[in-house]
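One structure below.
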Amino acid sequence: MLDVAVIEETGAAEASLDPVRARLLAALAVPGSATTLAAQTGLTRQKVNYHLRALEAHGLVELVEERRKGNCTERVLQATARSYVISPSALADVAPDPDRSRDQTSARWLIALAARLIREVGEMLAGATAARKQLATFAVDSEIRFGSAADRAAFAAELSDAVTALVSRYHDAAAPGGRPHRLVIALHPSLKPPGVPPAHAPDDAATP
C-alpha cells in the first residue's frame, strides 16, 4: 500500500469523491471483505459489493486474497493507498495554467503552481513506480514567524536574490545528458489552529 497516490483519471476522481466510497476506502486501509465492511458501515453486503466493484475498476482498491467459505468465495480487498490527491488532470478542461497569469504576490497564482506540481509529479511518479525506479525529488517545509510586514518583504527579496544566484550558478543549458528540473518556492500565512482567535494583524494584506 502506498502512503499517497495521485488520482489522474476523471472516473477514478468521481468514484473517490462519492461519500460512501470514500468511507470504504478509509476502512480498507486494512484488508477487508464485503461482509466485514457491511458490518462496519451499516450497508447491505450487496450495496458494499456494488461500490467495491466501482473502486476496483478504477484501481483504487485491489484484491489481497480469496477465502473459500463453504460454497462461496470471499474476496478480501485493500485500498491501494492510505490517502489520495486528485490531480488537475482529472479536470483537464478547466485545470489552472500558471503561465496564463504570472504574479508572484497572487494567492491564485500560488494555487495554480501547486496544481501544476501535483499534476507533473503525480504523472512522473506513476511512470517511475511502473518502471520500479526512484523519482529524484527534494522538498523543504518550514515555518517562519515574521515580526512585521517589512521583515516579510525583506525576507522575500533576500530569498529571491539567493535563489536567482543559485540557479545562475548551477543551470547549464548545454550540459550533455542534463535534465531540466522545476523549482517552486512558496510563502504563505500558516493556518491558525482550530479555536485560536485570529491575531490583530492589520498588515496581513500587505505585499509580501
Debye, to nearest 20: dipole size of the chain, +1 on Lys, Arg Cβ, -1 on Asp, Glu Cβ: 800
Top positive-direction residue, dipole computed over the stretch 48-128 with Cβ charges, set Gln78, Leu125, Leu110: Gln78
Accessible surface, the chain, averaged per residue in Å² (probe 1.4 Å): 73
Ile185 - accessible surface, heavy atoms, 1.4 Å probe, Å² rounded to 10: 90
Relative contact order (percent, whole number), the chain, Cα cutoff 8 Å, 6+ residue spacing: 20
Within the chain, helix-based [θ] at 222 nm, where runs of 4 or more DSSP H residues each add -39,500 (n - 2.57), nearest 500: -13000 deg cm²/dmol
Three-way shape call for the stretch 66-208 based on the alpha-carbon gyration tensor, with the a/c threshold at 1.5: oblate
Listed residues Gly147, Ala95, Val61: farthest to the positive end of the dipole of the chain (Cβ charges): Val61
Helix runs (DSSP H) in the chain reaching 30 Å along axis by Cα, Kyte-Doolittle at least 0.0: 107-130, 149-170
Fluctuation leader among Phe138, Phe155, Phe146 - the chain, Gaussian network, Cα springs under 10 angstrom: Phe138
Residue among Arg100, Arg108, Arg23 with the largest mean-square fluctuation in a Gaussian network model of the chain, springs linking Cα atoms under 10 Å: Arg100
Bridge type composition, the chain - antiparallel percent by DSSP, nearest 5: 65
With DNA, RNA and ligands ignored, accessible area of Val64 (1.4 Å probe; Å², nearest 10): 70
Within a Gaussian network of the chain (alpha carbon springs, distance under 10 Å), most fluctuating of Gly178, Gly59, Gly32: Gly178
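The values are calculated or read from the model by the stated rules, or taken from the named source; none is laboratory data. Note that this is a predicted model, so its numbers are computed, not measured. Counting neighbours? That spans all protein chains shown, and the Cβs are built from the backbone with ideal geometry, glycine included. All accessible areas refer to the heavy atoms of the entire protein, side chains included, with ligands and DNA or RNA removed. Shrake-Rupley method; radii C 1.70, N 1.55, O 1.52, S 1.80 Å.
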